Amino acid sequence: PWWLLPASVLFGGALGLLNFRWLATAVQRIYLRQGATVAVSKIAAAVISMLKLSLIFVILFVVIKWRFLHVLGLVAGLSLCFLAILWEGTTSLNQAMKKDD
């Protein structure tokens with residue numbers, strides 16, 4: 001069907017955004033928490049990262065194995081999400097540097 005590729009791009013993008021949102025939440029809750037020791041923070045970060053990546057892997061495996069969505073669309077969606085985050089970060093950095101001048 002015609003909608004398979006656009007749906008795949010949207011799903012990949014949503015999964016990419018969810019991944020980065022989980023990363024931001026983990027950083028705030030683990031590394032920026034008051035009174036957290038370095039060892040506990042490292043262990044918690046490793047466990048949370050493994051759980052997060054395992055969940056994303058299972059989702060991608062099921063979607064690809066059962067052919068719910070188009071594989072290239074998923075890759076495009078994941079890539080576009082990552083590129084959008086890089087673009088936003090670069091733009092914010094450039095604006096911050098211009099303010100300092």
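The values are calculated or read from the model by the stated rules, or taken from the named source; none is laboratory data. The structure displayed is predicted, hence computed values, not measured ones. Here Cβ is always computed from backbone atoms with ideal geometry, including for glycine, and neighbour counts include all displayed protein chains. These accessible areas exclude ligands, DNA and RNA; they are computed on the full protein's heavy atoms, side chains included. Shrake-Rupley method; radii C 1.70, N 1.55, O 1.52, S 1.80 Å.
Miscellaneous remarks
- Count of residues meeting criterion [open to solvent by less than 100 Å² (accessible area, probe 1.4 Å) and in a helix (DSSP H, G or I)] in segment 55-79: 16
- Selected residue [under 21 Å from Leu86 (Cα atoms) and out of contact with any helix residue (DSSP H, G or I) (no Cβ under 9 Å at 6 or more places or on another chain)] from Ala46, Ala14, Ala24, Ala39: Ala24
- Residues of segment 28-46 classified as assigned to a helix (DSSP H, G or I) and either touching a Lys or Arg at 6+ places or on another chain (Cβ under 9 Å) or surrounded by 12 or more Cβ atoms within 10 Å (Cβ to Cβ) (or both), total: 9
- When the test is whether a residue is open to solvent by less than 40 Å² (accessible area, probe 1.4 Å), within 18 Å of Leu78 (Cα to Cα), in a helix (DSSP H, G or I) and hydroxyl-bearing (Ser, Thr, Tyr), Ser8 passes it.
- So Trp66, is it farther than 17 Å from Ala7 by Cα, of a type outside the set (S, T, N, Q), modelled with pLDDT of 90 or more and out of contact with any strand residue (DSSP E or B) (no Cβ under 9 Å at 6 or more places or on another chain): no
- Residue match in segment 85-99 (condition: touching a residue at least 40 places away in the same chain (Cβ under 8 Å), assigned to a helix (DSSP H, G or I) and surrounded by 10 or more Cβ atoms within 10 Å (Cβ to Cβ)): yes
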